[in-house]
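Notes follow once the structure below has been shown.
None of the figures in this text is laboratory data; all of them are computed from the coordinates on show. Treat the numbers as computed from the prediction; the structure is a model and nothing was measured. All Cβ positions, glycine included, derive from the backbone under ideal geometry; neighbour counts span all protein chains shown.
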């Protein structure tokens, strides 16, 4: 047939018939590629940001010197590199003062990522540094100034070498959250090490090589490096640098992928709705061309080629829209981002194009394919029913498409499953509702005198169509609720983990006799602190009388290790029992409670016995419980807890954590002078860094939520639009017969609001189920039912659908009935 | 030319079958003009739909120029319509997205003919619409739209023209002009005309009248 698809499309476009379908497709491609590009770039940015915690893009660490050849190879591969060396050593000042410090020697290039800061007075303001100390100079931790009784420009000695104190060491990007056994920091130049003579073969030291460059170069180099690594040489990842950040990033990524997957489903639904309406409106068109000789094959070819052409145009437009969406996002977001993200690559647009093809084939084509079967008799009898009923195979095709798209998009079958479970609930309950409405018999006749009876009659008369609509509405509302719930619980959890007054300083090595004095000093200063926890250094030796391996170089989970032990009569704050029982107060038996990951690493269960060496005394204790705890809480946390009476005889120190504002930090100078043996660890910079990242991730999540809300809103509009023709037709006739405006709008409002009420209810049930699966299986969070979502979901459903429905049908009371009927 | 033998149409309604046509037998000769008249609901449009191959009979047969429409599937009937049949409808049934010229070109394009533009222009000129080739249906009056529909119907040179209440949506003066045109073109092209109408004056202009009552042919 020579009438080309192009001409038909052009004519349809002029006639306004294509608008909705094109819009839905462009939006589908736009939202999917836009969100995908945005999340890809955001992930890039966040990964870069997280590299700050390594001070590089890749790091190798070892207890022995690392080969210089690696640095040369890094240079060949186009990477920058730096070296650091950390070790404990005594620092001397004058004749009387000395202190065991944690020394870190850095090369000029350090840090490659993130910011090194210094200060000009202990615990004072931080100033960004361009490089570490020059040769012959050192930066000292704030508390060393009191402990060594030195000031800036004084001299300190490390090993055989004197150094000039030029600054206060404040923060390093890779200082991390681990501090046990570390003394206060001294930063020095890497090349000064030989002169000190303190690093000898066998010393407890940590050598690091740091590398940074473009993502591709780092990948090439890492691939080269991996096989070179020997025992004791370890490539570090962000996870090891900063677990709370990697956790936040992983969950944020899950959220963004979830959002994108929901966008795919919403887009599919919108396209299906638009195509269905397009197809319904084209029935007359097809009837005419069939009456003058077009065969079903010719009609199918015409619509298939039109659809293909439409797909190409819409995909191109959609990719453009997607590019614009991500660009606008980043424009809005630029100020909050610490680093400029690189390009997102072509993948997001490929995903957009694939979404478009899938939507066209699985959602748009089935209703259009039926146009080929439209009866030409419609030219004589317009009241003939449409070839509408979608076969089960169409729904299965659509479902399969949704599953595959979501799975491909998220790469996570658990996430796909969670959303599917919710969708299954809406469809199942929705169909149940349809059967109830249809089987209920004719409850009421259409009574034009009564607004309620009119609405109810309408609801029942279009039972199946209404049920389908309820399913669509509830799918859209469910997805929005799921996103809202997950977002809220994510952000809530982050905020509870790190509230504004989260502890940001730790205090260790408190002698038992110092506890009362420190307690009163802190309360006099108004410092809010956690409880004092006793701390005993012990070594885990055996499990069920089986001796563990003792080497430290081997990557062995079940090995002997030094560990901090504590005691407590009650279950520590924020800990939860996952197995076994807590002991009764005053118990003096040899019992122990283990943290769950620790127990898992060592393969220990409740009832096992574990052997320890505390000082030189062995201790065998039976495991009575396993605990889960929150490592990100910045409170003292312990792998192993014993009954107080059991450990009372062993020498112990105490620790606590507390919150201190920057302005109050000068207090620490006085404190350290009074309690010189107590170690104070500043974590405020780390806490701030973590909070900063979490704020950015939260902002991104909120932005994505807004976009998905818009997409969901469009599906709702498309869903309402799909049913408007039939309702307008009836209303126009009632209007022509003299029905008042209030009656028509009122009954429409009741009808739509009732649909919305049902949809909101189904959506809430389904959302709870999806969220439970998502939080438990995907996000590794604890699930608790959300009470407020029930009234919210149901009322919002009624309100939104009710007002959208009335808004869409308003024309029926503002334009003459003849105009309305003619246009339908 | 058109032979119709014991033609029946039944439709299921609320659990039982409603008989719309109760065994119609008739014959229409080539070149003849026949009016089918009858009250609303007598089955006129149903008969027209069956004679024109737009619908399938529940019993009996329709044979046009020796082809039994009952032996053709929907695509076969579509091809048959394209080659042998033209239509004029009460509600014009022009495609709103196409111009007058494009509407007339459509059946010719469907038949894969050449020179479709020239042929279409010729027939639009014949119905005196050569000045309105580029207009869309909504930009034309009812009479003009029906003239475009006439041009479209005759452009494919059908052997039979079926007209369903062709003046039903027009005022009487415009309706008269359309009917004049229908008969003129009918004569010029030697077409068989089958016309469904309420209008007895219009029916009188045909060679023969067939009256339907309650789904059966009755003698006048």
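Across peptide B:166-179, what mean number of C-beta atoms from other chains lies inside 10 Å of a residue's C-beta?
Values: counts 0, 0, 0, 0, 0, 0, 0, 0, 0, 0, 0, 0, 0, 0.
If you average over the peptide's residues, the count of other-chain Cβ atoms is 0.
Packing, as the average of other Cβ atoms within 10 Å across residues, places the peptides A:371-378, A:343-350, A:85-92 in the order A:371-378, A:85-92, A:343-350, highest first.
Mean separation of Cα pairs under 8 Å and 6+ residues apart, divided by the residue count of segment A:505-684: what relative contact order is that in percent?
Numbers: 341 pairs, mean separation 66.1, N = 180.
Once normalised by length, the contact order is 37 percent.
Normalising the average separation of contacting C-alpha pairs (under 8 angstrom, six or more residues apart) by the number of residues puts the relative contact order of chain B at 30 percent. Pairing the Cα long axis of helix A:741-773 with the longest principal axis of chain A, what angle in degrees results, from 0 to 90 and rounded to the nearest 10? Computed tilt is about 40 degrees.
Fewest first, what order do B:79, A:276 take by the number of other Cβ atoms within 10 Å?
B:79, A:276
A straight line joining the Cα centroids of segment A:560-615 and segment A:510-535 runs 25 Å. Dividing the summed helix terms, -39500 (n - 2.57) for each DSSP H run of n ≥ 4, by the number of residues in chain A produces a 222 nm estimate of -17000 deg cm²/dmol to the nearest 500.
Across chain A, Cα pairs under 8 Å and at least six residues apart give a relative contact order of 16 percent.
Between residue B:218 and residue A:373, take the C-beta separation as r, use R0 = 41 Å, and let me know the FRET efficiency to the nearest 0.05. Rounded to the nearest 0.05, the efficiency is 0.70.
Mean partner shielding of peptide B:77-83, defined as the number of other chain Cβ atoms within 10 Å of each residue Cβ, is 5. Max-minus-min Cα coordinates of chain B on each principal axis give 51, 37, 36 Å, with the largest extent listed first. With both residues required to sit in chain B, DSSP beta bridges show an antiparallel share near 50%.
For chain B, adding -39500 (n - 2.57) for each run of n ≥ 4 DSSP H residues and dividing by the number of residues yields -11000 deg cm²/dmol at 222 nm. Helix A:684-736 and the longest principal axis of the Cα set of chain A meet at an angle near 10°.
Annotation: the residues A:678, B:104, A:812, sorted from fewest to most other C-beta atoms within 10 Å of their own C-beta, follow the order A:678, A:812, B:104. For segment A:80-212, the equivalent ellipsoid built from the Cα gyration tensor has semi-axes of 21, 18, 14 Å, listed from largest to smallest. Tell me the angle of helix A:5-14 to the major Cα principal axis of chain A, expressed in degrees between 0 and 90 and rounded to the nearest ten. It works out to around 90 degrees. DSSP finds beta bridges in the protein assembly as shown, and of those with both partners inside it, around 70 percent are antiparallel.
Averaged across orientations, what area in nm² does the convex hull of the alpha carbons in chain A project? Don't skip to the end; give the middle numbers.
Numbers: hull surface 173.7 nm².
Dividing the Cα hull surface by four gives the mean projection, 43.4 nm².
Separation of segment A:738-816 from segment A:657-706 is 43 Å, based on Cα centroids.
Taking other Cβ atoms within 10 Å as a rough exposure proxy, A:328, A:186, A:150 sort from fewest to most as A:328, A:150, A:186.
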